[in-house]
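J.: What follows is a structure written as structure tokens; I'll ask about it next.
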Amino acid sequence: MRNTDACRVGFLWNPSLETFDFGTKHPIKVGRFQMVRDFLAANDFLSQPNVEILTPKPLSDDLLKTIHAQKYLDAVQRMSETGEGEIAIDTPAFPGIYENASITSGATVTGVNAVASGKVDHFLSPTGGFHHAKFEWGGGFCIFNDVAAAVYELKNLGFQRILVADFDVHHGNGTQTYFYEDPHVMQISFHEDPEWMYPHDGFIEDIGEGSGRGYNINMHFPMDSCDGVYKHAFDEIVPPLVEFFQPEFTIFLPGFDAHYRDRLAHLNLTTDLIRYTTTYFHNAAHRISEGRFGVVAGGGYTNESFKWGIGVVMSVLSGFSYEPPKQEPPYEDDDETWDRVRGNVEKVKSLVFPELGI
Ligand SMILES: [Zn+2]
Ligand SMILES: [Zn+2]
């Protein structure tokens with residue numbers, strides 16, 4: 001086991017990540033990734049000897065054809081040439097969208113390869129986490145599914161047990177479709193109740209099919225859930241699954257859009273909880289898989305909480321200290337929230353654990 005105080009961390013960044021334009025009213029604003037880079041530089045992360053900038057490479061044609069239908073790729077290419085049309089109602093086209101999606105998603109695969117080859121122990125991709133994209137469909141701000149691409153890359157490299165820990169506030173509905181029958185990929189998704197929250201998918205009963213039964217885990221939370229109930233669910237569900245599965249590689253979406261300052265959704269986490277979950281997966285990766293751990297930022301639509309979350313994650317990965325401002329959500333977990341979360345936790349455990357013999 002390496003000394004975790006000196007983990008080598010790759011941060012994926014290059015100005016080419018910024019060549020997108022969803023328009024000024026879109027939640028994903030131009031300048032988002034430059035802002036992350038500048039924030040990390042201003043907090044001295046990028047001058048640490050164990051942190052290096054990795055230059056993202058575009059997705060290969062082979063991986064693109066593995067994760068998406070040719071007719072979908074052709075449609076994105078046509079929109080890219082004209083800048084007209086839309087991938088979905090919330091995901092407008094712009095000139096060069098094909099190339100931009102290829103590099104912002106390719107960053108995750110570049111990170112995975114840097115960890116798999118031993119160049120770094122961990123990576124952070126500020127652009128990654130396009131978990132809504134499916135084989136023949138894009139939307140929810142997602143064009144090419146980088147999480148699926150990273151998993152296929154790892155499979156091509158011979159990895160047998162890959163964990164996708166998706167704590168974005170929205171369900172990873174796209175990623176789920178690729179590996180729903182695959183026991184080599186465990187997907188744990190924590191998200192807001194799909195009854196009302198986009199993408200209206202990710203119910204507890206959806207536990208995988210065939211030999212993949214039990215390897216797809218969905219846990220959802222009622223509106224206004226705070227750190228307390230979320231930590232309870234995490235402690236009850238995640239460690240037994242990770243101990244059982246013994247992942248060889250973990251890809252983590254920390255869920256910056258589940259923060260209370262982020263009002264595109266309605267969960268009320270603070271970065272204390274994000275530090276807790278990141279620390280758990282980081283330590284588990286060192287204990288189980290020689291530290292192989294990658295973080296893709298996913299959502300996060302309020303600049304302040306997005307930056308605090310990135311700082312906390314980089315702090316856990318690199319060992320360099322960073323403390324965000326004190327946060328006090330204007331909500332607390334009431335009895336009704338506790339009852340519903342405890343009920344959901346028991347349902348997850350009773351459906352999933354027996355399938356896996358836990
Ligand atoms: Zn480490
Ligand atoms: Zn999200």
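J.: What does the extension gain come out to for D339 and A42, with contour length at 0.36 nm per residue minus their alpha carbon separation?
T.: Numbers: separation 297, 0.36 × 297 = 106.92 nm, distance 4.29 nm.
Difference between extended and current length: 102.6 nm.
J.: Ordered by packing density, taken as the mean number of other Cβ atoms within 10 Å over each peptide's residues, highest first, how do 198-207, 159-168, 312-321 rank? Mind showing how you got there, number by number?
T.: Details: 198-207: 16.7, 159-168: 24.0, 312-321: 21.8.
Per-residue mean Cβ counts within 10 Å order the peptides as 159-168, 312-321, 198-207.
J.: Please give every one of the aspartates and glutamates within straight-line cross-link reach of K57, meaning a C-alpha to C-alpha distance under 17 Å, and leave out same-chain neighbours fewer than 8 residues apart.
T.: E18, E99, D146, E153
J.: Also: Can you work out the Karplus-derived ³J(HN,Hα) for every residue in region 310-321? Use 6.51 cos²θ - 1.76 cosθ + 1.60 with θ = phi - 60°, whole Hz, and x for glycine or proline.
T.: 4, x, 5, 5, 5, 5, 5, 5, 9, x, 8, 7
J.: Just grab the label-to-label distance for F94 and T55, each label 7 Å out from Cα along the Cβ direction, in nm (one decimal).
T.: So the two model labels end up 2.3 nm from each other.
J.: Next question, about the same structure. Please get the size of the charge dipole for region 137-208, origin at its Cα centre, with Cβ charges of +1 on Lys and Arg and -1 on Asp and Glu, quoted in debye to the nearest 20. Let's see the in-between values first.
T.: Numbers: 2 positive and 12 negative charges, 78 e Å.
Dipole magnitude for region 137-208 comes out near 380 debye.
J.: Which one of S189, G129, F33 has its Cα pushed farthest toward the positive end of the charge dipole of region 4-356, where Lys and Arg give +1 and Asp and Glu give -1 at the Cβ?
T.: F33
J.: Let me ask something else about it. Can you figure out the FRET efficiency of E290 with T82, using R₀ = 56 Å and their beta-carbon distance, to the nearest 0.05? Don't skip to the end; give the middle numbers.
T.: Values: r = 47 Å, r/R0 = 0.84.
The calculated FRET efficiency here is 0.75.
J.: Report the extension gain between A69 and D235 in nm, rounded to one decimal, defined as 0.36 nm multiplied by the number of residues separating them, less their alpha carbon distance.
T.: On the way: separation 166, 0.36 × 166 = 59.76 nm, distance 3.84 nm.
Value of the extension gain: 55.9 nm.
J.: With +1 on each Lys and Arg Cβ and -1 on each Asp and Glu Cβ, how big is the dipole of region 158-250 about its Cα centre, in debye rounded to the nearest 20? Please report the intermediate quantities before stating the final value.
T.: Numbers: 3 positive and 17 negative charges, 63 e Å.
So the dipole magnitude of region 158-250 works out to roughly 300 debye.
J.: Here is a follow-up. With only Lys, Arg, Asp and Glu charged, each at its Cβ (+1 for the first two, -1 for the last two), find how big the charge dipole of the chain is about the Cα centre; round to the nearest 20 debye. Working shown, then result.
T.: Numbers: 27 positive and 50 negative charges, 221 e Å.
Dipole of the chain, to the nearest 20 debye: 1060 debye.
J.: To continue, here is another question. Where does each of 90-100, 123-133, 292-302 land if you order them by average Cβ count within 10 Å, highest first? Display every interim value, and only then the final one.
T.: Values: 90-100: 18.5, 123-133: 28.9, 292-302: 25.6.
Most protected by this proxy first, the peptides run 123-133, 292-302, 90-100.
J.: Would you mind checking the pairs K134/K155; K134/K349; K155/K307; K231/K347 and listing those with alpha carbons more than 21 angstrom apart?
T.: On the way: K134/K155 18 Å; K134/K349 28 Å; K155/K307 32 Å; K231/K347 17 Å.
Those over the limit are K134/K349; K155/K307.
J.: Convert each backbone phi in region 254-267 into a coupling constant with the Karplus relation 6.51 cos²θ - 1.76 cosθ + 1.60 (shift: θ = phi - 60°), then list the ³J(HN,Hα) values in order as whole Hz, x for Gly and Pro.
T.: Result, ordered by residue: x, x, 5, 7, 8, 5, 5, 6, 8, 9, 6, 9, 10, 8 Hz.
J.: GNM on the chain, C-alpha springs below 10 Å: top fluctuator among K25, K134, K347?
T.: K25
J.: Taking θ = phi - 60°, what integer Hz values does the Karplus form 6.51 cos²θ - 1.76 cosθ + 1.60 yield along region 39-48, in sequence order, with x for Gly and Pro?
T.: Once rounded to whole Hz, the list reads 4, 5, 5, 5, 9, 6, 5, 6, 9, 6.
J.: Give me the aspartates and glutamates in straight-line cross-link reach of K25: C-alpha distance below 13 Å, same-chain residues under 8 apart excluded.
T.: The qualifying aspartates and glutamates are D90.
J.: What's the long-distance tail for region 164-238, i.e. % of Cα pairs beyond 15 Å? Write down the numbers at each step before the final one.
T.: Numbers: 1384 of 2775 pairs.
Distances greater than 15 Å cover 50 percent of the Cα pairs.
None of the figures in this text is laboratory data; all of them are computed from the coordinates on show. Worth saying up front: this structure is predicted, and the values here are computed from it rather than measured. Cβ: placed from backbone, ideal geometry, glycine included. Neighbour counts: every protein chain shown.
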